[in-house]
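Data block below; observations after.
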Amino acid sequence: MNFNLAVIVRETAMAAPERPAALYEGGKLAYGELDALSDRLAAGLRADGINPGDAVALQLPNIPAFLVGYFGILKAGGVVVPLNVLLKAPEVAYHLKDCGAGMLITWEGALGDAAKGAAAAGVSRIYSAGGGGGDAPHTAAFERLLAVPAPGDGVPLAPRLPTDTAVIMYTSGTTGRPKGAELTHLQLYMNADIPGRLFGVRPDDVVITVLPLFHVFGLSSILNVCVRFGCTMSVIPRFDPRAVLAAVQRDRATILEGVPAMFISLLSYPRLDDYDVSSLRIAISGGASIPGPVLDAFEKRFGVLILEGYGLTETASTTTFNISASERRAYSVGKPIWGTQTQVWDEKGNVLPSGADNVGEVVTRGPHVMKGYLNNPEATADAFAGGWFHTGDLGYFDEDGFLFIVGRIKELIIRGGYNVYPAEIEDVLHDHPAVAEAAVVGIPSERLGEEVMAVVVRRPGVSLTAPELVAYCKERMASYKYPRVIEFRGALPRNSLGKVLKDQLLPR
C-alpha cells in the first residue's frame, strides 16, 4: 500500500498540467512544471543519499522553490521539516539536532545563521535557493539538486504508509523549547480534502498565499488544499498590505486567508481605495481569535464575509470551521469538521454542557490529530490524556453546536477568585475608535493574586489617556474584568504568523 501525500501534485498535474499552481510577481509556475521539477528534486535527493524516512529541513520563504522542495522531499519518501527563515543559528542547530535532519535546504537571505546552525548540528549537506552557496562552507546552489534527470514517465512515489510521518512541524515554543509535532501522510491528506470539500474550493479559485508556508496554517490550509483541488496560489514572500492588495488586484484573487493582525493592517492601510478588491468572494481567518469589531469592520469595508476556523499545529491546522456564508455563526470558530470529535471538558475530564457559562478545555480526536511529539513520549502522553488531544484552549459550545474560543488556559487571569478571559476585554478595547490594537495579560497582585493589564497601540494622530480608556471599559464590563493598568506602546510583539507574544508584554 502506498499513501504518499505527494500524490496530490501528481494527480493535479495529470489533470491540468497548464493550470498555474503559483502566480508571483514576475512569473508563474504551472502544475505540470511543479510536478516535473519536484520529480527532478526527488531524483537529486536520492542521488545525494536521502532515503525514505530521512528528515530534510526546508527553510524557505514563500517562493516557488518551497513548493518544489516540499513535494520533492515527499516524493523521495523523506520527512519535510519546515523551518522559520528568521531563526538564529542556535535555534537552527536545535531543530536540526532534534529531528536528526541529514540535509538543510535554505535561502540566501537566511544562509548566514543557517550555515552556522547546521555546522553546530553536524549537518554538512546544505543547499541554498536564490543565490548559490556564497562563501558558506559545505553549501551548494539549490539548482544542483535539480540537475539529476528524472525518468520520462516521472519519479515513482516512494512507498509510504498512512501512519508514516510526512512533516515534522515545530510548535511556537511559547511555553518552553519547541516540540516537533509528527504529522502523517493520512492526517495531512484528510486536512486538505475535508476542509476543501466543506468550504467548496474550486479549480478557478486564486488564493492569496502570504501566510508563511513553513507554518502549519499556510502549509496545510493553503498549499495542500490548493494542490489537492487544483486551484492557484498567489504567492507573496512576506506580509505587506500593499503587496497583498496589489496581488489581489493583479491576480483577481478570490480567497484571502490570514490571521487577525493581517486583517487589522489591511483595514488601516491609508491607500486602500487605490486597489480593486472586488474579485474576492470570501476571507478566512485563523491562527488566533479575531476581535469582533475587526471582523465587522473588515466585512463592511471589503464586502466579503470572514469565515473563522480553529486549529493547532498538532491538528494540522483545522479542527473546527464555519463552512459557508449561509451556515456560519459570527464570532464563532464554527463546528467540528467531518469525521472528527471535539468536546469541552472541566478539570476532572467531564464533558460540559453547552452555554457560555460552561467554559472548559477544548479537547479533540480524529484523523486530523498528530501521532505524537518527536522524541518526547512524556509530552505526548500528557497531550493525549484520556485518549483525546488536549489543546490548552478554553472555550464553550452554544446550543447549536458552534464553538467559541475565549483564551488559553495559561492566559486565564484569576482576579480575586474571578475568571477573566483576555479575549473578552480585547474585544471591548478594539471597539474604541482610538485603539488600533490591544492585548490583555495578567500581572501579579499581592491583594488579588492577579490584576488585569492592557497593552494598547493608539491609532495614528489621536490622543487617548489611560484614565479615559479605563473609564470606557468600566462602563462596558463587570467591575472585576476591566483593566486597572494601561500601558501604551508603538506596536505589539508578534511571531512570524502575526500572533501576539504575550510573554513579552509582562513587566520584567
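Of the conditions (1) touching a strand residue (DSSP E or B) at 6+ places or on another chain (Cβ under 7 Å); (2) farther than 27 Å from residue 24 by Cα; (3) not small (Gly, Ala, Ser), residue 52 fails just one. Which one is it? Of everything listed in (1) touching a strand residue (DSSP E or B) at 6+ places or on another chain (Cβ under 7 Å); (2) farther than 27 Å from residue 24 by Cα; (3) not small (Gly, Ala, Ser), residue 52 misses just condition (1).
With a requirement of 2 or more residues that are surrounded by fewer than 24 Cβ atoms within 10 Å (Cβ to Cβ) and without any contact (Cβ under 8 Å) to a residue 24 or more places away in the chain, the helices (runs of 4 or more DSSP H) lying completely within region 213-308 that satisfy it span 292-302. Where helices (runs of 4 or more DSSP H) fall wholly inside region 37-132, the ranges with 3 or more residues that are farther than 23 Å from residue 151 by Cβ are 89-99, 111-121.
For region 95-116, filtered to residues that are out of contact with any helix residue (DSSP H, G or I) (no Cβ under 7 Å at 6 or more places or on another chain) and charged (D, E, K, R), the residue that is farthest from residue 170 (Cα to Cα) is 108. Looking for something among the small types (Gly, Ala, Ser), part of a loop (DSSP other than H, G, I, E, B) and either in contact with a Leu (Cβ under 6 Å, 6 or more places away or on another chain) or in contact (Cβ under 8 Å) with a residue 40 or more places away in the chain (or both) - is there at least one such residue anywhere in region 16-26? Within region 16-26, one or more residues are among the small types (Gly, Ala, Ser), part of a loop (DSSP other than H, G, I, E, B) and either in contact with a Leu (Cβ under 6 Å, 6 or more places away or on another chain) or in contact (Cβ under 8 Å) with a residue 40 or more places away in the chain (or both). Criterion applied to 444, 467, 507 was being loosely packed, with under 14 Cβ neighbours inside 10 Å and under 29 Å from the mean Cα position of the chain (by Cα), and the one residue passing it is 507. Do you know which residues across region 310-333 are outside any loop (DSSP other than H, G, I, E, B) and surrounded by fewer than 24 Cβ atoms within 10 Å (Cβ to Cβ)? Once the filter is applied, which keeps residues that are outside any loop (DSSP other than H, G, I, E, B) and surrounded by fewer than 24 Cβ atoms within 10 Å (Cβ to Cβ), region 310-333 yields only 313.
Within region 374-390, one or more residues are in a strand (DSSP E or B), over 20 Å from residue 332 (Cα atoms) and modelled with pLDDT of 95 or more. Being assigned by TED's automatic domain parsing to the domain that holds residue 425, acidic (Asp, Glu) and outside any helix (DSSP H, G or I) is a description that does not apply to residue 468. On inspection, residue 167 fails the criterion of being within 18 Å of residue 68 (Cα to Cα), modelled with pLDDT under 95 and either under 19 Å from the mean Cα position of the chain (by Cα) or buried (at least 17 other Cβ atoms within 10 Å of the Cβ) (or both). Could you say whether any residue in region 47-56 is more than 22 Å from residue 161 (Cα to Cα) and crowded, with 20+ Cβ neighbours inside 10 Å? The answer is no; no qualifying residue exists.
Taking each residue of region 72-89 that is over 16 Å from residue 169 (Cβ atoms) and looking for partners that are among the charged types (D, E, K, R) with beta-carbon atoms closer than 6 Å, six or more apart or interchain, yields 76/46; 88/113; 89/113; 89/116. Would you call residue 259 under 30 Å from residue 186 (Cβ atoms) and hydrophobic (A, V, I, L, M, F, W, C)? Yes.
Could you check how many residues of region 402-423 are in a strand (DSSP E or B) and under 17 Å from residue 477 (Cα atoms)? Result for region 402-423: 7.
Residues that are crowded, with 20+ Cβ neighbours inside 10 Å and either farther than 16 Å from residue 361 by Cβ or without any contact (Cβ under 8 Å) to a residue 12 or more places away in the chain (or both) within region 396-421 comprise 402, 413, 420, listed in sequence order.
Within region 81-89, does at least one residue satisfy the condition of being within 22 Å of the chain's Cα centre (by Cα) and either surrounded by fewer than 17 Cβ atoms within 10 Å (Cβ to Cβ) or of a type in the set (Ser, Thr, Tyr) (or both)? Yes, some residue in region 81-89 is within 22 Å of the chain's Cα centre (by Cα) and either surrounded by fewer than 17 Cβ atoms within 10 Å (Cβ to Cβ) or of a type in the set (Ser, Thr, Tyr) (or both). Here region 413-430 is the region considered, the condition is being of a type in the set (Gly, Ala, Ser) and out of contact with any Ser or Thr (no Cβ under 6 Å at 6 or more places or on another chain), and the residue that is nearest to residue 357 (Cα to Cα) is 417. Residue 119 falls short on exactly one of the conditions (1) out of contact with any helix residue (DSSP H, G or I) (no Cβ under 7 Å at 6 or more places or on another chain); (2) surrounded by 24 or more Cβ atoms within 10 Å (Cβ to Cβ), and that condition is (2). Residue 93 passes every criterion in (1) at pLDDT below 95; (2) out of contact with any Ser or Thr (no Cβ under 8 Å at 6 or more places or on another chain); (3) more than 23 Å from residue 166 (Cβ to Cβ) apart from (1).
The values are calculated or read from the model by the stated rules, or taken from the named source; none is laboratory data. Source: prediction; values computed, not measured. Neighbour counts are summed over all protein chains in view; Cβ atoms, including those assigned to glycine, are modelled from backbone coordinates with ideal geometry.
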